[in-house]
1. Mind telling me which of the residues SER336, SER280 ends up being small (Gly, Ala, Ser) and in contact with a His (Cβ under 7 Å, 6 or more places away or on another chain)?
2. So the check is Cβ under 9 Å with 6+ separation or different chains; which pairs have a first residue in the range 177-205 that's touching a residue at least 12 places away in the same chain (Cβ under 8 Å) and at positive phi and a second one that's in a strand (DSSP E or B) and surrounded by 14 or more Cβ atoms within 10 Å (Cβ to Cβ)?
3. What residue, among those in the range 99-114 that are among the aliphatic types (A, V, I, L, M) and touching a Cys at 6+ places or on another chain (Cβ under 9 Å), is surrounded by the fewest Cβ atoms within 10 Å (Cβ to Cβ)?
4. Filter the range 249-266 down to the residues that are touching a strand residue (DSSP E or B) at 6+ places or on another chain (Cβ under 7 Å) and open to solvent by 20 Å² or more (accessible area, probe 1.4 Å) and list them by number.
5. For the range 276-301, give me the residue count where each residue is closer than 23 Å to GLY232 by Cα, assigned to a strand (DSSP E or B) and open to solvent by 80 Å² or more (accessible area, probe 1.4 Å).
6. Within the range 227-241, which residues are part of a loop (DSSP other than H, G, I, E, B) and either more than 18 Å from GLY263 (Cβ to Cβ) or of a type in the set (A, V, I, L, M, F, W, C) (or both)?
7. Of the residues in the range 242-255, how many are among the charged types (D, E, K, R) and either part of a strand (DSSP E or B) or touching a helix residue (DSSP H, G or I) at 6+ places or on another chain (Cβ under 6 Å) (or both)?
8. When the residues of the range 302-317 are filtered to those that are more than 22 Å from the chain's Cα centre (by Cα) and closer than 21 Å to TYR247 by Cβ, which remaining residue is least open to solvent (accessible area, probe 1.4 Å)?
Amino acid sequence: KKRIYSLLLTFLLCAICFASEHSAVRIRRFDTAQGLSSNRVGGGVRDSQGLMWFATWHGLNCYDGYDFHCLKIQPGDSVPIGTNLIRDIFLGDNGNIICHTDEGLMEFDLKTYRFKNLSRKQVETYALRAGRNWKGTLDFQGNLWTADRSGLYERYTSAPLAKLMPGTAGTMPRSFLVEGDGSIMIGMRSPQGISVYDSRGSEIRKISTPSVPYCIFSDSNGEIWVGCKPGGLMKLDGQAVSGDAVYDIKEDSRGRLWVATYGEGIKCIGNPSSSRPVISPSIGGKKIKQLLITPSDRIIAATTEGLLFGKIEDGDFMKTRLRSLRHEAGNVSSLSANNLIAL
């Protein structure tokens, strides 16, 4: 019996050690060497887009998951405050960032990316929330961000070992979408179509598509759109919208859908919630691989002929004007290559 108990105990200890090794809590430290503008961090928030923002003694810092970007007061900003030493920050009622400095409170507008004044009533309301001790902020992955006098810290759990989803071996997946309930849609090249899995990874149904689904997108109304190549833009219910070859779909702040087509350039669906959505003529470009739309409705497109960018018009989206950035011999500020696959 002692031998059996000893073997069981050894087995349990090994199992615990294995589990601990693959789910260990780790801490990553950031300071000025990693791009933080100051090691003195007074607070942090997460905005509605999932970006992390931090108050530092040398400006407002945004972390996009890869790099830190420092935002400071610029000439022309409408704030009388003349310091970039930010003590702490918190989200205002409209979702913008309220910055607390030694000279008072100011607002950072997440649409214009500029600092601006607060009304007297807002200052009186927000003053009660300023100066609180920051206990940390969780990001979208559940990682905890904290700070001390020497830098910023991300407390995270190491990722579990990946496993192959059943039925996907040799299928050449081209796109995927994770829904709010944890279910997953995977667009396959072979066999052609979309496979839907539940949150446990079990396949629950298949959806046929007119050709290979290169992108699957869920808009703010919960409608799911599928872009196919060589041709076909459709809603998940099977309603065909166009015969364009589609690589990517994005949504702007007004709920309009922007479509990256391969051959016809950038197009827009101004009425995606309609029972009969209509796609526009080309707004610019030709062979578009990927789109990016910023919170302030700037559009950027990766194409086979360089980068396209512009500001989306609030009213008539057909008036949106796109500029290009390409490789130019002798121009150090130009692109190194024109054939862009992703942003």
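The values are calculated or read from the model by the stated rules, or taken from the named source; none is laboratory data. Remember, it's a predicted structure, so these values are computed and weren't measured experimentally. For neighbour counting, all protein chains shown are included, and Cβ atoms are generated from backbone atoms with ideal geometry for every residue, glycine included. Side chains are part of the model used for accessible areas, which takes the heavy atoms of the whole protein and leaves out ligands, DNA and RNA. Shrake-Rupley method; radii C 1.70, N 1.55, O 1.52, S 1.80 Å.
1. Within the list SER336, SER280, the selection yields SER336.
2. GLY193/GLY187; GLY193/ILE207; GLY193/VAL212; GLY193/PRO213; GLY201/ILE184
3. LEU105
4. Across the range 249-266, the qualifying residues are LYS250, GLU251, TYR262, GLY263.
5. So the count comes out to 0.
6. LEU236, ASP237, GLY238, GLN239
7. 3
8. Filtering the range 302-317 for residues that are more than 22 Å from the chain's Cα centre (by Cα) and closer than 21 Å to TYR247 by Cβ, the one least open to solvent (accessible area, probe 1.4 Å) comes out as GLY306.
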